[in-house]
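My questions will all concern the structure given below.
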Amino acid sequence: MAFDAGMLSCVLHEIKEESLGARVEKVYQPERDEIILQIRSKSGGKRLLINAGANNPRIGFTSIPKENPQNPPMLCMLLRKHLQGAKLISVEQFGFERAAILGFETRDEMGYECVKYLIAELMGKYSNLIFADGDMKIVTALKIIDFSTSSLRQVLPGMKYELPPKQDKADPMETDEAEFTRLMEKEPLERGCDKFILGNYLGISAAIAREIAFSATGAVDTPISKCSPKVLWSKFSELIQSIKSDSYAPTLILDGEKPVEYAFCPLNQYRGLTAKSINSPSELLDLFFDSRDKEQRVKQRASDVQKILLNAHARLTKKIELQEGELAECANGESYKKTGDLITANIYMLKRGMKSADLPDYDNMKEDGTFPIVTVVLDERLSPAANAQRLYQKYNKSKNAKIELTKQIELAQKELEYINSVLDSLDKAESPADLAEIRDELWRSGYASKMKGYTSHKQSAPAVATFVTSGGYTVLCGKNNIQNEYITFKLGSKTDYWFHAKNAPGSHVVMLTGGEEPPAEDFTEAAEIAAYHSKAFGGQSVEVDYTFIRHVKKPPAAKPGFVIYHTNWSALVTPNPEKIHAMRKK
């Protein structure tokens, strides 16, 4: 799953083929560690993405829309100053390292032609993006590295650019069979062939090393003792030759719909998974990283909100558990009253100082006309009447506690239900705007004091997810409670249809019909959208309630997104994620 040197070579080949000579129109920095160059060549406009983050470093064209901050960061402003209008004149890889240098022809402050370089080091947690002048002197960098950070290599403005320290590994582009065999014979016989390749040659990822071993031996973990050096070299050199000749076959490995691996060459080691050939390496990277990037960005930006919600969830769960235990104890209230009645009925038999007494229970006469005897424990410090009074007080207290506890448990359960709905919204958040709406919702719900430094501000109209059914009907889907209320009570009319998964947190879904009666297929598709965007979805059938919007009401003082309805129909559907993604408007 690493962006290795082979994949970098594949992507750079595509960039050379399609964009050499292209002009930089705009520069964006949608994320702290990500730059997008809007470029235009004879073949049309392209968006070149360079991600120098620790998690998903890569370079390539992208078609995924990105939301840019209102105030561009300093790095973005500097690159705009130097690169807007510049022409891309060179695209090179440093040896077989995971580092690329892009050369741009531009003009300096005096109007003279000059060359500037953008260097992308795509090395996991050591990734960096460096901007240098024509003499390779560093102008700025995404990550400034001084002597306190590293004693081996510094990245500081004004310094001459140097490559990262070389690894103690051989360059696979320059090795030969004799050297390969010599290195292999030095390895322990029990060591795997893939581990040998990974440990001795730079720029090769674990997946590619396993693929070479699999091609040579039929297994990914074959030890060196069971593999011929000649056969392993044959497969190794075959792969390296494909890189030298720019013969790539971008491949995506899918577990169902979820991308799990990618490479610049065919991958045959994954039995039981689907291998999909992709025409463009950039398209391959978009498919692999799209959902992964969104999830990571949302997690990073929503960590404080998630902490608030999880703490609230734990607090409410514990509170409900304790209150339910207290409510169970209230069942003893009737026994207090009965004992008090026994003392009152037999008070003439009792005296102060008695610790217990055997009293007849006049309310439960036996068949033979006698009464059962009940042993009653007394407080010797109190009179018989005071003992009875103390038990009646306990009874009244438990009766009142039962009423209040029932009320408090109901309130806590409703709040827990609301917290679950917001957690579900957090899972569905796709952009900073979605997160801003969730923060504003929590502020409106009384959680402002827990969000440090948050102040409410007027939100723009929510950007809800929009789908189109096979019959051409527009279906709106809320991704959080703010959006749910917006589509239900602002965008939808009384004659439009409203959908929601039954008894589960999930999105409000509205099918805009314009007063028409849609075909059954469109109802099914709208119900599938509601089922898919709910906690109830897990690949199985989901029950979905649907009704006219006029039957959906919001109770007074209810939490955001909470509605009630009484007149409805139900449908049982099994959503198909591929079909739902195809219906969504981009």
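Each reported figure results from applying straightforward, stated rules to the coordinates on display, with no laboratory input. Everything quoted here is computed from the prediction, not taken from an experiment. Ideal geometry is used to build each Cβ from the backbone, glycine not excepted, and the neighbour counts take in all protein chains shown.
Would the stretch 6-60 count as rounded, prolate or oblate if I go by the C-alpha gyration tensor, calling it rounded below 1.5 in a/c and otherwise prolate when a/b exceeds b/c, oblate otherwise?
It is oblate, given that a/c is not under 1.5 and a/b is not larger than b/c.
Could you tell me the calculated FRET efficiency between Gln167 and Thr524, based on Cβ-Cβ distance and R0 = 60 angstrom, to the nearest 0.05?
My answer for the efficiency is 0.60.
Bin width 10 Å, alpha-carbon pairs only: give the P(r) of the chain as whole percents, running from 0 to the bin holding the largest distance.
3, 13, 17, 17, 16, 13, 8, 5, 4, 3, 1, 0, 0
Could you tell me how many degrees, from 0 to 90 and to the nearest 10, lie between the Cα long axis of helix 333-345 and the main elongation axis, the longest principal axis, of the Cα atoms of the chain?
10
Sort 236-242, 170-176 by the packing proxy (mean of other Cβ within 10 Å over each peptide's residues), most packed first.
Top to bottom by mean Cβ count within 10 Å: 236-242, 170-176.
Okay, next question. Nearest 10 degrees is fine. How inclined is helix 74-83 to the longest principal axis of the chain, computing both from alpha carbons?
Result, in degrees: 30.
Same structure, new question: What does the charge dipole of the chain about its Cα centre add up to, to the nearest 20 debye, if the Cβ of each Lys and Arg holds +1 and the Cβ of each Asp and Glu holds -1? It would help to have the intermediate numbers written out before the result.
Details: 77 positive and 78 negative charges, 378 e Å.
Here the chain has a charge dipole of around 1820 debye.
Calculate for the chain the 222 nm mean residue ellipticity that helices alone would give, adding -39,500 (n - 2.57) per DSSP H run of length 4 or more and normalising by residue count, nearest 500 deg cm²/dmol.
-12000 deg cm²/dmol
Report Rg(Cα)/(2.2 N^0.38 Å) for the stretch 487-546, keeping two decimals.
On the way: Rg = 11.4 Å, N = 60, 2.2 N^0.38 = 10.4 Å.
Relative to the 2.2 N^0.38 Å estimate, the stretch 487-546 comes out at 1.10.
Work the Kirkwood hydrodynamic radius out for the stretch 465-583: mean of 1/r over every pair of different alpha-carbon atoms, inverted, in Å.
This gives a value of 13.9 Å.
Then there is this: Determine the principal axes of the Cα atoms in the stretch 84-176, then give the extent along each, sorted from largest to smallest and rounded to whole angstroms.
46, 38, 19
Name the residues of the stretch 133-155 whose amide N is less than 20 Å from a point 7 angstrom out from the Cα of Glu113 along the C-beta direction?
Label zone hits: 133-136.
Same structure again: Arranged from highest to lowest average of other beta-carbon atoms within 10 Å per residue, in what order do the peptides 412-421, 340-349 appear? Could you put the intermediate results ahead of the total?
Working: 412-421: 18.1, 340-349: 16.3.
The packing order, highest mean first, is 412-421, 340-349.
Amide H neighbours of Glu25 under 5 Å, counting only residues 5+ apart in sequence or on other chains, H built in-plane at 1.01 Å?
The list, which skips near neighbours in sequence, is Gln38, Ile39, Arg40, Gly85.
Averaged across orientations, what area in nm² does the convex hull of the alpha carbons in the stretch 177-298 project?
Working: hull surface 34.0 nm².
Spelled out: convex hull of the Cα atoms, projected over all directions, averaged, 8.5 nm².
How big is the stretch 282-383 in terms of Cα radius of gyration and Dmax, in angstroms?
31.4, 96
Additional query: Which far-off residues, 5 or more places away or on another chain, put their amide H under 5 Å from the one on Gly53, with H placed in the peptide plane?
Under 5 Å from the amide H of Gly53 lie the amide H atoms of Arg58, each far enough along the sequence or on another chain.
So, one more: May I ask for log10 I(q)/I(0) of the stretch 319-456 at q = 0.15, 0.16, 0.17, 0.20 Å⁻¹, from a Debye sum over the Cα atoms as equal point scatterers with solvent left out?
With one equal scatterer per Cα and no solvent, log10 I(q)/I(0) is -0.84, -0.91, -0.97, -1.11.
Relative to the longest principal Cα axis of the chain, at what angle does helix 281-301 sit, 0 to 90 degrees, rounded to 10?
Result, in degrees: 40.
Then there is this: Mind running the shape call on the stretch 5-141? Use the C-alpha gyration tensor, a ≥ b ≥ c as the square roots of the eigenvalues: rounded below 1.5 for a/c, prolate if a/b tops b/c, oblate otherwise.
rounded
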